[in-house]
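**Student:** Let me begin by handing over the structure; questions about it come next.
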Amino acid sequence: MIKLFATDMDGTFLKADKTYDTERFAQLHQQMLDRNIQFVVASGNQYFQLRSFFEAYPDVIFVAENGAYIRDTEHIYNVESFDDTTVNEMLTELQDIPEIQILACGQESAYTLNTTDPAHVEEARHYYHHLAVIDDYAQMDDNILKFAITCPVPQTQALIKDFTDRFAGRAVPTSSGHGDIDLIQPGINKAYGLTHLGQRLGISLDDMAAFGDGGNDIEMLQAVGTGVAMANAQPDVLAVANHVTGNNEDQGVLQFIANELARR
């Protein structure tokens, strides 16, 4: 029996215009509360951005930054961060790659240099509600959870290969497509986050359902008892899923949850 629903956001729970059916979610959320089912957001995005979609729901738990930061509005369940030496080494190497834009993503804020393209900074603020533009990365005083890289779309796969070799043992690249690459801590992903959260809540992975569409959702869909791919998911995501639901524009996550709750 499913005791926890976990969903990715972009391309999964959210429509392309970054909205969702709030009225239907409110109804389903109440049904989940009545049945003691936990709703979780599992995303590569920043906690502060994710929370903005669910201000009316303090019970929602966020597995943010690809599993590195787990919390709700009041409680921090876990934080996993890079050590300072690794942060400094990686930033030095990344700054030698001219075609990329860099964000260092911390527990309290994301950070980028004042030399970063202002248009990129403005776009990034849609995903990082706490974003500081600084003169030098040495000014950061934060737990760094991941690095968010933006590159020209045609170079995405080549850079993923380069990062895989370059940062072996220090970081793992994962991509949601569209020229976005996250460099995450080895072993720290959405599946890790759900495993840790499940231990805290007393819910086994077998009793979880997870929804996703991109490469950073694969481990999560494989780990849980019910892995659900969106109809718009990448082929490698569809290949590992137990089920396929409607696409994000048709609110496939809410469709699946409604069907599951109707069976009880």
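**Student:** What's the ranking of 74-85, 224-235 by average number of surrounding C-beta atoms within 10 Å, highest first?
**Tutor:** The most tightly packed comes first, giving 224-235, 74-85.
**Student:** Still on this model: How high is the FRET efficiency between Ala262 and Ala231 when r is their beta carbon distance and R₀ equals 25 Å, given to the nearest 0.05?
**Tutor:** 0.80
**Student:** Give me the angle, in degrees from 0 to 90, between the Cα long axis of helix 252-262 and the longest principal axis of the Cα atoms of the chain, rounded to the nearest 10.
**Tutor:** The angle comes out near 30 degrees.
**Student:** For a test of the definition: using alpha carbon positions, the gyration tensor, and the 1.5 limit on a/c, classify region 118-175 as rounded, prolate or oblate.
**Tutor:** Oblate, since a/c reaches 1.5 and b/c is not below a/b.
**Student:** Skip the ligands, DNA and RNA, and give the accessible area per residue of region 22-177 with a 1.4 Å probe, whole Å².
**Tutor:** In whole numbers, region 22-177 has 46 Å² accessible per residue.
**Student:** Still on this model: Please list, in order along region 124-133, the HN-Hα scalar couplings obtained from phi with the Karplus expression 6.51 cos²θ - 1.76 cosθ + 1.60 (θ = phi - 60°), rounded to whole Hz, x for Gly and Pro.
**Tutor:** 4, 5, 5, 9, 10, 5, 10, 9, 9, 9
**Student:** For the residue pair Ala16 and Tyr57, what label-to-label distance in nm results when each label sits 7 Å from Cα along the Cα-to-beta-carbon direction?
**Tutor:** For the pair Ala16/Tyr57, the computed spacing is 2.4 nm.
**Student:** Once the principal axes of the Cα atoms of region 126-256 are found, what is the range along each, listed largest first in whole angstroms?
**Tutor:** Sorted from largest, the Cα extents of region 126-256 read 46, 38, 31 Å.
**Student:** Please enumerate, by chain and number, the aspartates and glutamates with C-alpha under 16 Å from the C-alpha of Lys18, excluding those fewer than 8 residues away in the same chain.
**Tutor:** The reachable aspartates and glutamates, counting only those whose Cα sits under 16 Å from Lys18, are Asp8, Asp10, Glu55, Glu123, Asp213, Glu249, Asp250.
**Student:** Taking the mean number of other Cβ atoms within 10 Å as a proxy for protection, how do you rank 252-258, 29-35, 63-69 from highest to lowest?
**Tutor:** Averaged packing, sorted descending, gives the order 63-69, 252-258, 29-35.
**Student:** Let me ask something else about it. Taking the chain, how much of its Cα-Cα pair set, in percent, is spaced more than 23 angstrom apart? Kindly include the intermediate steps, with their values, before the conclusion.
**Tutor:** Working: 17230 of 34716 pairs.
It works out to 50 percent of all Cα pairs.
**Student:** Under 16 Å Cα-Cα from Lys146, which lysines qualify once same-chain neighbours fewer than 8 residues away are excluded?
**Tutor:** Lys190
**Student:** Next question. What are the extents of the Cα atoms of region 139-209 along their three principal axes, listed from largest to smallest and rounded to whole Å?
**Tutor:** Principal-axis extents of the Cα atoms in region 139-209, largest first: 42, 33, 21 Å.
**Student:** Evaluate the relative contact order of the chain (contact order divided by residue number), counting alpha-carbon pairs under 8 angstrom at least 6 apart; express in whole percent.
**Tutor:** For the chain, the relative contact order is 21 percent.
**Student:** Then there is this: When the Karplus curve 6.51 cos²θ - 1.76 cosθ + 1.60 is applied with θ = phi - 60°, which whole-Hz ³J(HN,Hα) does each residue of region 241-250 get, with x for Gly and Pro?
**Tutor:** 7, 7, 9, 10, 10, x, 6, 5, 5, 8
**Student:** Is there a quick way to get the dipole size of region 56-144? I mean about its Cα centre, with the Cβ of Lys and Arg at +1 and of Asp and Glu at -1; what is the value in debye to the nearest 20? Intermediate values should be presented prior to the final figure.
**Tutor:** Numbers: 2 positive and 19 negative charges, 58 e Å.
Here region 56-144 has a charge dipole of around 280 debye.
**Student:** Same structure again: Just how large is the dipole of the chain about the Cα centre, in debye to the nearest 20, putting +1 at every Lys and Arg Cβ and -1 at every Asp and Glu Cβ?
**Tutor:** For the chain, the charge dipole is close to 980 debye.
**Student:** Also, I was wondering about something else. Length gain on complete extension for the stretch Ile134 to Gln27, per 0.36 nm per residue less the alpha carbon to alpha carbon distance?
**Tutor:** Full extension from Ile134 to Gln27 adds 34.2 nm.
**Student:** Can I ask one more? Beyond 14 Å, what share of the Cα-Cα pairs of region 36-105 is found? Please give it as a whole percent.
**Tutor:** Of all Cα-Cα pairs in region 36-105, 64 percent lie more than 14 Å apart.
**Student:** Antiparallel versus total DSSP beta bridges in the chain: what percent is that, nearest 5?
**Tutor:** On the way: 24 of 46 bridges.
The antiparallel fraction comes to roughly 50 percent.
**Student:** Still on this structure, I have one more. Let me make sure I get this right: for region 100-143, a, b and c are the square roots of the gyration tensor eigenvalues over alpha carbons, sorted descending. Under 1.5 in a/c it's rounded, otherwise prolate if a/b > b/c, else oblate. Which is it?
**Tutor:** oblate
**Student:** OK, next. Tell me the angle of helix 156-166 to the major Cα principal axis of the chain, expressed in degrees between 0 and 90 and rounded to the nearest ten.
**Tutor:** Tilt relative to the chain: about 70 degrees.
**Student:** Can you compute the radius of gyration and Dmax for region 1-135, using only the Cα atoms, both in Å?
**Tutor:** Rg, Dmax (Cα atoms, Å): 17.0, 53.
**Student:** To continue, here is another question. Would you work out the charge dipole size for region 121-264 about its Cα centre, treating the Cβ of every Lys and Arg as +1 and the Cβ of every Asp and Glu as -1, and quote it to the nearest 20 debye?
**Tutor:** Working: 9 positive and 19 negative charges, 92 e Å.
Dipole magnitude for region 121-264 comes out near 440 debye.
**Student:** Same structure, new question: Using only Cα atoms and rounding to the nearest 10 degrees, what angle (0 to 90) does helix 22-34 make with the longest principal axis of the chain?
**Tutor:** 70
The values are calculated or read from the model by the stated rules, or taken from the named source; none is laboratory data. Predicted, not measured: the structure shown is a model, and the values here were computed from it. Don't worry about glycine lacking a Cβ; one is built from the backbone with ideal geometry, like all the others, and counts go over all protein chains shown. Accessible surface areas use protein heavy atoms only, side chains included; no ligands, DNA or RNA. Shrake-Rupley method; radii C 1.70, N 1.55, O 1.52, S 1.80 Å.
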